[in-house]
Every structure is written in C-alpha cells, then in structure tokens.
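We did not get these values from a lab; they are worked out from the coordinates using the rules stated. All values derive from a computational prediction rather than experimental measurement. Cβ coordinates were reconstructed from backbone atoms using ideal geometry, including for glycine residues, and neighbour counts include every protein chain displayed.
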Amino acid sequence: MGSTQSNPDTGDMCTQSNYRDIATTHLSIVWNIDWHQRVLHGSVTHTLEAKKDGVKEVVLDAANLEIASAAVLVDKHQVPAQFTLGTEHPVMGRALSVPLPSALKTGETVEVTVAYKTHPDCMALQWLDEAQTSSGKMALFSQCQPIYARYLAPVQDSPSVKLTYEAKIASVLPVLMSAIRQSPPSEGPPHDGKEIGKDMVTYTYSQPVPIPSYLIAIASGNFHYRAFNVPEGKTWKTGVWAEPELLERAHWEFSEDTPRFLAKEEEIVGEYRFKVYDILVMPPSFPYGGMENPCLTFATPTLLTGDRSLVDVIVHELTHSWFGNGITHAHAEHFWLNEGWTTYMERTLQLKLHGSEAYRGFAFKGGLKGLKEDCDLYAKRGNTRYQQLQILYEKGENPDDAYGQVPYEKGSNLILHLEGVLGGPEAFEPYVRDYVKTYTGKSITTEEWQAHLYGYWSKNGGAEMTKKLDSIDWKGWLKGEIADYNKNSNSKETQLFPVQMQYDETLLLEAKALGDRWDQSRSLDIEKLDFKTADIDTLTSTQRTAFLEYLLTKDPLPDTHTKHLGELYGLSTTLNAENRLVFYQVALLGASSTAQTQQPSAYAQQTARHALDWIVGKENGVLVGRMKFCRPIFRRAKAVDPALAREVFDRHKEQFHPIARDLISKDLAAP
Ligand code: BES
Ligand code: ZN
C-alpha cells in the first residue's frame, strides 16, 4: 500500500487487562442500586475465551472498586480464587488478576465471577439529589466512554473486546440500560404499578449484539416513556424517555426526525441491528451533547429548544449505530474512525435529505472554527501531538486529555476528500456500504480500514483507482500537525488540512451578509443603527451561529453595539445554547484579548458574570453541564476575570459531572 508505513498494532495503551490472551464474550451483571450510600453493589460474571494456549489468569481493569471475592466456575461449581490487585495508576486504575485453576488452550472458555461494589466517588457515575432534577426525584447515570467502564465493573476496558450482556438491576426508581428491556414492559404503568421512589423493582435487560465495554450504560430516575411512530415495514421501535415535566417537549422535539433519519440511514448503509432506538433526555449536568449508548442514546436537555433546530445531534448519535457501535475503533489511537466516519455520514445524510450540497457544505465549514480553536489550544499547551488524527498514546495517557474536534473534523474531512478523489458521493456510496458490511461487529485499526479501502477500489476500479489512492497525502492526514500544513503556505489563513478543502458556501454567505452589516456599523452612533429583530428571522439556528462566529473573526465591536446586538435578537436570553455561547464569545472578545494589559470594561465584567450565571443555572435553576458550552464560558470568563471564574466554579463544582469537573479545573489551572 503506497505511502503508508504499516506499523504493527501496539495494542491498547489504556488497559492493563490481558485482552490479547483471553477475552470476554459475555457479561452477566447483577446490581443493587443503593441510593443512600451512593454505590452499586453486586457482581459480574464474565464468560471468556482463550486466544492462545497456556492462559493461566484473567486480568481485568478495576478503578476505585471494592472487590469482595472472585470465583471461577469448575465443573459447574464456583471455586473461590485468590485474586490480587495491582497498584493504583491514576488513569488506568488497578489490574485485578484472577488465577485460573488450569491453563487454557486456544478457544477454550471459562466463567469468572467477581463480587464487588463501586465507590461513592466514581468517575463513571453521577448521583443527583432531589434538587438537581426537574421532577424532584433522585437520579443516577453513567458515562463510560472512553475509559470509565472500569469504575463501574471489573472489565477488560478496551474497545477491542466486544461482548454481549444481560443485567438484573434492583432499584426504587426506574432503570434504563443500553440494551433491550426484558421486564417489566417499557410501556404501561411506570415502575410496574409500584410506588416510584419507594418500592424496590428488579429490571432485566439483554444486549444480544456484541458491544465494547464503553457502551455499557445505566440510568435510573423518574423516567417515563413515549413512543414515536414507526414507518411502515420497519420492525424496530423508537421513542423517548424523560422526566414527566419534560416528556411532552422531548417527544415534540425528536418524534418527527428520529424515525425518518433512522429509515434513511438504513437505505444507505443497511439494517439497524439494535432493534430499539430510544433517546433518554438526561439531567442537565450530562457533560456531552449526546452519547450513542446502544438502544438508548443519552441526550443533553439543551437540545430541547422548541424548534427542532438541534436534532442533528440525534442524527449524529444514531449514525454511531453503524460507525462506532457496529464498526468499532480498536483503541484510542483509532478513535477518529468512530467520530470522523459518523460526522461524515451525519452530514452526508443532510445532503441526501435536502438533495443539495448547501447543507452539507455549511456543516463542514461550520466545524472549522472549533477545530482551529482546539488546535490553537494544544499549541498553547505544548501538546501539538493532539493535532494529529492518529495519536500514538503512551501507556497510561488519558485519552480525555486529547478529546476535541480533531477526530471529528479532520476525520470527516479526510473521508470527504476521499469521496471527492474517488468520484463523488454516488460513486462512494457502494464503498461505504461494503465497508460497513465488511467490518460490522469488529474492532479495527486505521490500517485495517485502509487495507479494505485499497482492496475495495482496486477490485472496483483497478490500477487507476489505486493510483488515485496513492496520491493521497496519507502521512499529512494521519500524522500531520498544523505547522506541517503551513510550512510552505503563503496564504494568511491557517491551513487546517494537508489539502485545501472546498465547500458549498450558499448558506454561509447569507449569514455573513448580516455579519458584514454589523461590522460596518461599528463607527456609527448607536441611535443611527437600523437593525431589526426581523434580520435574523430568515436565518436558521446554525446560520445564526455562523453569523456570530463570523463576527468573532472581525475586530471586537464597541460594547454599545454588542449590547444592542444581544438585546435586539434576544441572544443574551435565548434557549438555544449554541447561539448563546457564541454571543457571549462575541461579547467578551475585546476584553479577553486585552485583559493582560487593560482593565476589562464594566460591560465585559457584567457579561462574564451573566454568562457564568447562565452556566451554573442562576437564571432558572438549570445547570448547563454540557462541556461544549460550560468549558469555553469558564475559559473566556477566566480571561476577563480569573478570580470570578475560580470563585463561581468553586461554589458550584459539586453540581458538575466528575469528568466536567476534572476538565474545567484543568482549564482554570492552565496558562
Ligand atoms: N461518543 C461521543 C461522545 C464522547 C466521545 C464521549 C468521547 C466520551 C468520549 C458522541 O457521539 C459525540 O460525539 N457527541 C457530541 C455530539 C456532536 C458531535 C453532534 C457532543 O457531545 O458534543
Ligand atoms: Zn460521536
């Protein structure tokens, strides 16, 4: 294969398990949810299969778990095993080794049971008290990606290992999992007719499709269900779960698009394998926009804008059913395969549905700002490696430190670039289908993806196509950093990829037109401005974001103008968090660039406070825990008034999810 060096797979640097010797194929989970102690206690039973001869032990990842006992099944009897726990690694946790009574041969299986409980300070779980949810009941939810499943259960916590699972969970509040409910039924009286919050009920779940451990998920709380209509001929079911106060709004927001997108996606890439596609509207502290837990996407409540303008997040998560949950990256080095492919497909679905490049081009173009910001941040922190698509992790490095737009944007642009080189969307589609067919159910490396790419196109196009593939700057795309892309460039715009990408700019131009009017208004007195509320009526929510982002590329507007902008268009109060975030960035632009040398204006200080109040829920009691919004606001506020940012964070940090808490602390401590 032309220009790529094929380095041998170094394996997963984030696990201490011996998954290459022996691997879990099935997990049986039994948990009791103890709401008082804030722990899960119970057991997991692994069915494992040896991958080579002479395997004498099973090594699992365990982080902050209290292990009570381990046992191995011998002749249908549980025989206690003398397990050992290695020393604690701050990122990887501890290695839990369970010796086997006799060495296994390749293909032989064994059952290992570990009884344990989680710790109240568990990175994978957030426990919420009554004041932190809309219905005033407690709630609990997990987030295992990328490497937190080990806090929930002793597992081989690598995406290379795929397992089916079944679970039996007892709780006084309804339990949801990333699997298919066996009992009690999802519809009908909630909580099996028993009193929610008081009576213990056992929920059983089964996930018959093999999934990586990072997709094991649980949520418990006062969640109720409403189904969506399923198109004729489809056998899957789809619907939404939310606390009763949000159920109607949630149903309205997602009911139209979810079944439509799911059906369209099936047309392009083949059958939806998970049978159920439900959305759970999470408590506000959920740190992501969405998380593609199989059968049950977790979604931030900030998507409930009342105008369906943020459903693209759902499209993204359901696309993961094929790219990520079907074809899985082998380990963190290849994470871009999940997010890059998903982002490419999510945007290509827009092209299919609208029949025009305008929407797809707009989405690609819109992703560049976040990419540039993240790349700049890595440069500032001396971490330009994280600008690479394929990052070679060191043993024990935390992939969350590298989490950002690079795998999404550089990844999806690489696929888009390939699509262009190989003949456009229509010629590319059969290849995508073949890729999905070939690797669904497997965990793969970048090299395996590439091997199939070359294989497919040489079979379906011969030497001519192979030559086109060889013309791709593989090293630049996979290993390149921003400095490499700009070495020989004399353009004043920073190049973010090894080649210049072109997108349809129709929708962007409309947004920029309004931006130019504001830009040109800077020298006018405020009374002379002739902007109208109606200016933004014709712009979609993403165009509004683009309009504001365009202003970010200009010199800061005078405070008087920014204030007028925020009030006239309702941007300082809008429910649309995407719009509101960029508005605050515009409003704080001047102050954050001059804060080192100049005292920020009263307006900037007031705006920083206002923005922080929004994040910590001072306005309406609802926290904005999604990291996409809270992290940049804390960063901007810190640039304007470091003491204020610190003080607000310290006062509210307990309300944030443990992952968000960790990353905001790091942001506030960074130079
Ligand atoms: N799988 C990711 C979220 C994730 C990635 C969690 C890595 C932990 C580690 C999810 O699919 C995602 O990409 N969410 C985005 C949504 C967006 C790109 C539409 C988010 O949360 O912003
Ligand atoms: Zn994703």
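Backbone geometry of region 210-224 corresponds, through the Karplus equation with coefficients 6.51, -1.76 and 1.60 at θ = phi - 60°, to 3J(HN,Hα) couplings of x, 9, x, 4, 5, 9, 6, 9, 9, 9, 9, x, 7, 9, 10 Hz, x marking Gly and Pro. Which net charge results when you count Lys and Arg as +1 and Asp and Glu as -1 among the other residues whose beta-carbon is under 10 Å from that of ALA608? Neighbour charge sum, excluding ALA608 itself: +1.
Across region 624-635, computed HN-Hα scalar couplings (Karplus, 6.51 cos²θ - 1.76 cosθ + 1.60, θ = phi - 60°) run 10, x, 5, 4, 4, 9, 6, 5, x, 5, 4, 5 Hz from first to last residue, x flagging Gly and Pro. The angle between the Cα long axis of helix 357-380 and the main principal axis of the chain comes to about 80°, on a 0 to 90 degree scale.
A cut-off of 5 Å between modelled amide H atoms, ignoring neighbours fewer than 5 places along the same chain, links ILE211 with LEU163, THR164. Count of lysine pairs in region 508-669 with Cα atoms under 26 Å apart, counting only pairs 8 or more residues apart in sequence or on different chains? So the count of such lysine pairs works out to 25. Peptides 499-512, 297-310 ranked from most to least packed by the mean count of surrounding Cβ atoms within 10 Å: 297-310, 499-512. Each peptide in 322-330, 203-211 was scored by the mean count of other Cβ atoms within 10 Å over its residues; highest first, the order is 322-330, 203-211.
The C-alpha radius of gyration of the chain, expressed as a fraction of 2.2 N^0.38 Å, stands at 0.97.
The long axis of helix 257-269 is offset from the longest Cα principal axis of the chain by roughly 70 degrees. Report, in degrees rounded to the nearest 10, the 0 to 90 angle that the Cα long axis of helix 559-568 makes with the longest principal axis of the chain. Between helix and principal axis, roughly 70 degrees.
Going from the residue with the fewest nearby Cβ atoms within 10 Å to the one with the most, GLU243, GLU493, GLU527, GLU429 rank GLU527, GLU493, GLU429, GLU243.
Site pair THR106 and LEU644 shows an inter-label distance of 6.6 nm when each label is modelled 7 Å from Cα along Cα→Cβ.
Charge dipole (Cα centre; +1 on Lys/Arg Cβ, -1 on Asp/Glu Cβ; no other charges) of region 22-319 amounts to roughly 620 debye. By the count of neighbouring beta-carbon atoms within 10 Å, fewest first, ARG646, ARG522, ARG181 end up ordered ARG522, ARG646, ARG181. Under a 5 Å amide H cut-off, with hydrogens placed 1.01 Å from N, GLY11 pairs with nothing among residues at least 5 apart or on other chains.
For the chain, the relative contact order works out to 11 percent when only alpha carbon pairs closer than 8 Å and six or more residues apart are counted. The lysine pair count for region 347-471, using Cα distances under 20 Å and pairs eight or more places apart or on different chains, is 11. Between region 102-178 and region 368-443, how many Å separate their Cα centres? So the separation of the two Cα centres works out to 28 Å.
In sequence order, region 199-206 has phi-based couplings of 8, 7, 10, 9, 9, 10, 9, 9 Hz under the Karplus curve 6.51 cos²θ - 1.76 cosθ + 1.60, θ = phi - 60°, and Gly or Pro positions carry x.
Electrostatic bookkeeping for GLN37 treats Lys and Arg as +1 and Asp and Glu as -1; over the other residues with beta carbon under 15 Å from its beta carbon, the sum is -2.
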